[in-house]
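Remarks on the structure that follows.
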Amino acid sequence: MTAAETTQPTGIVVLISGSGTNLQALIDATSDAAYGVRILAVGADRAGISGLHKAAAAGIPTFVCRVEDHESRADWDAALAERIADHEPAFVVSAGFMKLLGPRVLADHVVINTHPALLPAFPGAHAVRDALAAGASVTGCTVHVVDAGVDTGPVLAQSTVEVRQGDTEDTLHERIKAVEHPLLVNIVGRAAREGITVTDGKVSIP
Ligand code: GRF
């Protein structure tokens, strides 16, 4: 047994809104005890998405916290913060979670997000479409810590992807996901094994 296998894995909560291919990459990585991560729960802002089926198939507890089930966005923010806290994660991974997280979640939890563009270029919900529309020849993905802005938090790592002639939003996004998955797995594993510190808007993994 290696040293990593004798220590407890770091618990995380993953938030999703869609197909959950990044989640699946994380689930696959956790099958190796040396990776050092345990997914305690997967949360979503909507029901019936395939990412939740992927979590259930892996035996991971799931929860759904929908904005429309709360009187206000602030109530939803507080409820989501509590649903996450129930699992006592070391940190949270937003892997295709398509809602802006509120101040309560961000005060209570360190959140690592993955974004399908080279931030600060193309923030927001349509990053792949926006990069194509702008005629970018190179785009990619960014793993960063979430702050109060829209995709403005401190960057942990980036990978580039060439835009090809004839690319559609779908073909380009698929190639971005191919580099996004290993990048997210790598950074989440390092943050879990080595620790992650956010101080005065600066992030470090020792
Ligand atoms: C990812 O490309 C992520 O960066 C973006 O949405 C996509 C989610 O894909 N925000 P999936 O649900 O992990 O397949």
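For the stretch 28-53, which residues satisfy the criterion of being in a helix (DSSP H, G or I), under 18 Å from the mean Cα position of the chain (by Cα) and either modelled with pLDDT under 95 or more than 19 Å from L183 (Cβ to Cβ) (or both)?
The answer is S50, L52, H53.
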So which residues in the stretch 81-98 are in contact with a helix residue (DSSP H, G or I) (Cβ under 7 Å, 6 or more places away or on another chain) and under 23 Å from P123 (Cα atoms), if there are any at all? F91, V92, V93, A95, G96
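Residue by residue, here is whether (1) assigned to a helix (DSSP H, G or I); (2) modelled with pLDDT of 95 or more; (3) surrounded by fewer than 17 Cβ atoms within 10 Å (Cβ to Cβ); (4) touching an Asp or Glu at 6+ places or on another chain (Cβ under 7 Å) holds:
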| residue | (1), (2), (3), (4) |
| --- | --- |
| E71 | no, yes, yes, no |
| D77 | yes, yes, no, no |
| E88 | no, yes, yes, no |
| L101 | no, yes, no, no |
| F122 | no, yes, no, yes |
| A125 | no, yes, yes, no |
| V128 | yes, yes, no, yes |
| T142 | no, yes, no, no |
Tabulated pairs, the stretch 22-41, first more than 11 Å from the ligand (Cβ to nearest atom), second among the acidic types (D, E) and at pLDDT below 95, C-beta under 7 angstrom, 6+ apart or interchain: A33/E5; A34/E5
Would the stretch 77-98 turn up any residue that is more than 12 Å from the ligand (Cβ to nearest atom), free of Cβ contacts under 8 Å to residues at least 60 places away in the same chain and among the β-branched types (V, I, T)? no
Within the stretch 176-206, which residues are surrounded by fewer than 18 Cβ atoms within 10 Å (Cβ to Cβ), in a helix (DSSP H, G or I) and in contact with a strand residue (DSSP E or B) (Cβ under 6 Å, 6 or more places away or on another chain)? V179
Consider the stretch 168-206. How many of its residues are away from the ligand (no atom under 15 Å from the Cβ) and of a type in the set (D, E, K, R)? 5
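Among P116, P61, which is touching a strand residue (DSSP E or B) at 6+ places or on another chain (Cβ under 8 Å) and more than 12 Å from the ligand (Cβ to nearest atom)?
Numbers: P116 fails: more than 12 Å from the ligand (Cβ to nearest atom).
The conditions single out P61.
Does P154 satisfy the criteria of being modelled with pLDDT of 95 or more, more than 15 Å from the chain's Cα centre (by Cα) and surrounded by fewer than 21 Cβ atoms within 10 Å (Cβ to Cβ)? If you could, list the steps in order and put the result at the bottom.
On the way: modelled with pLDDT of 95 or more: yes; more than 15 Å from the chain's Cα centre (by Cα): no; surrounded by fewer than 21 Cβ atoms within 10 Å (Cβ to Cβ): yes.
Criteria not met by P154.
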Selection within the stretch 164-203 - under 19 Å from V14 (Cβ atoms) and without any contact (Cβ under 8 Å) to a residue 12 or more places away in the chain: G195
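The values are calculated or read from the model by the stated rules, or taken from the named source; none is laboratory data. Because the structure is a prediction, the values reported are computed rather than measured. In this analysis, Cβ positions are derived from the backbone assuming ideal geometry, glycine residues included, and neighbour counts consider all displayed protein chains.
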